[in-house]
Structure formats: structure tokens, C-alpha cells
Amino acid sequence: MSWTWFHKLASPPYVYALAARLTPWFAWPAALLILGGLYAGLVLAPPDYQQGEGFRIIYVHAPTAWLSILVYVVMGVSAGIGLIWRMKVAHAVAASCAPIGASFTVAALVTGSLWGKPMWGTFWEWDPRLVSELILLFLYLGYLGLRAGFDDTQRADRASALLAVVGLVNVPIIHYSVVWWNSLHQAPSVMQLGKPKMPASMLTPLLMVLLGFTLFFVALLLVRLRAEVLQRERSASWLREALRA
Amino acid sequence: MRSAGLSAHSGPVAVAAVAVSPDTALRAPALTAARLAVSRDLTLAFRRRSQLVQPLAFFVLVTLLFPLAISPELARLRSIAAGVLWVAALLASLLALEFLFRDDAQDGTLEQYALAGQSLTWLLFAKTLAHWLLTGLPLSMMAPIAALSLGVGAAALPGILVSMVVGTVTLSLIGALASALTLGMKRSGALLALLTLPLSLPVLIYGARATELAIAGNAYLAPLELLAALAVLAVTLAPLAAAAAVRISLE
Amino acid sequence: MKDFLDMGGYAAYVWPAYAVTLIVLFLNIAWARSALARAIAGARRRLGAQERGT
């Protein structure tokens, strides 16, 4: 099996050009899926028999929560790759992920709380999922804070990469302990939908937004990746050509 | 000059310096090097005994805040005692982290350790052990006394001691990793807390639960076992990660 | 239409949730694009300095 494609991905000029070319291929489908999915979820899906129209928040909460975790995993994995193989591009990917992931974690917390008020009667519940999201936000902030503490990009890359990997390993441990803690004190999470199975009219918009948000993340990542790659290139003849474009 | 810092010390300190020498003829076996690293740190720490008391004093002070802020009723205090003790312990050990690497990073000892023929992981484990003996262990012994002031019955004290001992080991190790990551940063206090606390949450959850059960007179083995599992995980992985972090900062 | 906006009484929760999400989406787009613009400007500056021999 030829690994040339992997080696190509280590080359900043290649990645820079590739990212620029690929962005529209993710951005436009993302826009269509998100807008279509949200419309379907708001208008076409029938109301839930238990939560009425309030359940429609799932079409914004589920994708933001999903993204907050997906982005952290991508961040941790690319950070690990950057550490092991000393790839600048991998570190650039990790650095690009952090602000995206943090913003979606905030969105997940806000939408989760807004969903909580009509369902449980309070804006905040020490529900294991919300608490885990909050801790995830602090993991992102810690990563960003550590990065910000270094002037030298290379040291910032490597130190924050180690933190990201440690964080990734700890996420299951932390989540398990939060679930355990929560089970001691109250009934299991109420964040369910009325029916155990979702009909297609409810499920399809959900799948649309989940996919749409994921593609959106990739498009954002590609844009930020170009910026991060540029910042890590000091000299480089390829810059002259690339910037002319 | 880097090595001037080491040669200014005597006794176990100088011997430890030789033990980690890159010169294989002089190098001591790993266990000896670790033992010497521990005794070096303990000796140096005892020369500044007053600093050792600070985290303890902070712990007691924080525990004191709660009765003043909430209520002097012992019954009420007993119901929140487990949480108070653990939060105070967490914050006190955060404060104590400053002493772990600060001096060694400044005088070049850490660099010597990294360049040594010995495994940096092993040496950092030794340093963390010494640090725990100086901070975590005294904290654990202080906790039962603080618990008494919060209306806890004497029967619960062994349980509190045991859970604190096991928990503070993990806290020291997590703290060592976070300290290693922020090595050389000025005013890293808030960042250190931001990095350490989320990783310490499982310890807080299980430790507080074990303490709570002990106070209520119930069996506390289940959370204690989970606490011990975390400690084992931390002992195996944290020094390794901390060594990687130290190398990154010395690059 | 009014029923739709009312969201079965949950309007105060559903619409802010959607609004926040859309705001986050747009902020991300703006933020990413400005980061790229700044990086390009920075790279141009560095390149210019190099070519001038500074």
C-alpha cells in the first residue's frame, strides 16, 4: 500500500492548496443540509407526544453537542499525530479545531439549558450530559489558555498537543465518573424524547442537521487550517506563488 | 552557571547529582537514583520548613470559611463536611504545586535530570513522591482533625484518612503533569488551576463520596476502590506524560 | 403562522435556541475568514520584508 498520500499531507504547500480547493465542496452541501434540516425540523416534523413543540430544540442541540465532542476527538487525534510524527500540519489541524469546538460547546450548553427549562422547570440541571459538556468547555479553554501562554509556536504546538492527548484519554474517565455521581443522587437523565423510536419524519431532519453540521465543521477547519499553515511557514518560496492566487 | 546550583548543596543533594550523571561509570542503578532524588528533595524542603506549613494553613483556613459563611450548627456542617474537606484539599494541593518544579527549573537541575542516563519518567515519579510526602500526606493527616471541627464523629476518621491518602496521590500526579506543561511560565496560577481541576474531577467525585459514606457510617469500599484505580492509572501514566512535557519545555 | 411562531407555548425556548445556534454558525464563519485574511496579510508582509532584504 502506497503511503504517498500520507506524506503529501505532511507538506504545507500541498495542504494549503488542497484546503482551498476542497472548501466549497464542504461548505455548500453543509449550507443546504443545515438549512434544509432545520426547516424540516421546524415545519415538517410532527410535534412530540410528550414534549410538544419544545422538542424541536433537538435539531440545534444534538448537532452542536455532537460537534463539540467530534471536534475534541479530531483535535486530540491530530495533536497525537503531530507529537508522534512531528508533523506541523497535524499541529495546525489541532490548533484550528480548538476555537471551533469551544464555540459549539457553548452553543450546546445554551441550547441544552433552554431545552431544560420547559422540560425540567429549571435552566440548569446537574444532568450528567450538561455537566460533561461544561467540563468539556473547560478542557477546550485549558487548551487555548496553554497555547496562549507560549510565544514560540513550536513549543505551544507540542505542549498543547500533549494536553489534548491527555484530555482525550481522560474524557471517558471524567464522563463515567460524572454519570456515576449523578446516578447516586437523582433519577436518570430526563433528556429523552417521548417515544423510544423516532418516526422518519422526526429522524430525517435530525440526520440532515447532524451531517450538515459535520460538513460545516470540515469547511471551517479547512479555512482555519490554511491560516495556521501560513503562520507556521517562515520563509518558503511556495508562499509567493500561493499568495498570488 | 548551571551546575553551580547543584554543587552549592551538600550531602544527599550532591550524591544525587552524581547518581544522575550521564557518565555510565558513575551512574547508579535506577532505584538508588530515585531514592536519592527523593531524599534530595526532602532535604532541600526541610531547609525551608516554613514553606511546608503554607498549604496546610491554607487547607485549615478554607475549611474555616464554610462555618463562617454558612452556619455554626454542627449537624448542618456534618452534612456538607465531605464536600468541604475535598474542595479545600483540592485547592490546597493546587497551591502547593508551585514548589514542585520551581527551584529545579531555575537552577538547571531539571535539565540535568533530563540529560541524565536515568529515565526522566522515574526521576519525575520520585520528585512527585517526595512532593506528596511533603504536601499530600500532611494534608491527609490534617483532614480528620478538620473533619472533627465540622461535627464529624470519631468513627469516621479512619475512612476520611484513607480516602484522602489515596486521593491526594492522584492529585499530586495530575498536578505534576500540569506543572510540567506550564514550566517556566510566569504567573501561571490560574492556568494551572484551569488545567488541573477538570482532570481532578473524578478524584473529587469518588473521594467525596467515600468520605461522605464514611461520615454516615456506611461501607465506603466501592468508591475507595475506584479512587485506588485512578491512583494506579495516575502512577503509571502521569510521570511518563510529565517527562514528555518537561522535554518539550527544554527543547 | 401565529401558531408556528408560538411553538405550542415553547416559543421562549425554541427560538432563542435556534437564534443562538445560527449566531454561533455565522460567528464561526466570520472568525475563520478573518483569521485567514490576517494570516495572508501577515505572510505577505513577511515575504515583502524578505524580498527587500530587511
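Just so you know, all these numbers are worked out from the coordinates, no wet-lab data involved. All of these numbers come straight from a predicted model, not from anything done at the bench. We place every Cβ from the backbone using ideal geometry, glycine too, and count neighbours over all the protein chains shown.
General remarks:
- Average partner coverage of C:5-16, which counts Cβ from other chains inside 10 Å: 6
- Rounded, prolate or oblate (a/c below 1.5 giving rounded, otherwise prolate when a/b exceeds b/c) for chain A by Cα gyration tensor: oblate
- Helix A:88-120 vs. chain A, principal-axis angle (Cα, 0 to 90°, nearest 10): 10
- Kirkwood analysis of the Cα pair distances in region B:111-251 returns a hydrodynamic radius of 16.0 Å.
- Cα-Cα P(r), chain B, percent of pairs per 10 Å interval: 8, 31, 32, 19, 9, 2, 0
- The packing ranking of peptides B:42-49, B:90-97, A:83-90, A:95-102, highest mean first, is A:95-102, B:90-97, A:83-90, B:42-49, where packing means the average number of other beta carbon atoms within 10 angstrom of each residue.
- Helix runs (DSSP H) in chain B reaching 30 Å along axis by Cα, Kyte-Doolittle at least 0.5: B:49-69, B:74-96, B:157-181, B:189-216, B:221-250
- Charge tally around residue A:15: other residues with Cβ under 14 Å, Lys/Arg +1 each, Asp/Glu -1 each, net +4.
- Using the Cβ of residue B:211 as centre and a radius below 15 Å, the other residues enclosed give a net charge of 0, where K and R count +1 and D and E count -1.
- Neighbouring Cβ atoms from other chains, within 10 Å of the Cβ of residues in B:80-90, number 0 on average.
- Value of relative contact order over region B:52-250, rounded to a whole percent, pairs C-alpha under 8 Å and six or more apart: 28
- Cα shape, the protein assembly as shown, gyration tensor, a/c 1.5 rule: oblate
- Highest to lowest packing among C:14-22, A:151-159, scored as the average C-beta count within 10 Å: C:14-22, A:151-159
- Region A:10-126 shape via C-alpha gyration tensor axes, a/c threshold 1.5: oblate
- Averaged over the residues of B:235-245, the number of partner chain Cβ atoms lying within 10 Å of the residue Cβ comes to 2.
- Only lysine pairs 8 or more places apart or on separate chains count here, and in the protein assembly as shown those with Cα atoms under 30 Å apart total 8.
- Region A:63-77 - phi-based ³J(HN,Hα) in whole Hz, Karplus 6.51/-1.76/1.60, Gly and Pro as x: x, 5, 5, 4, 5, 4, 7, 4, 4, 5, 5, 4, 4, x, 5
- Within the shell of other residues whose beta carbon sits under 15 angstrom from the beta carbon of residue A:84, the net charge comes to +3, with Lys and Arg scored +1 and Asp and Glu -1.
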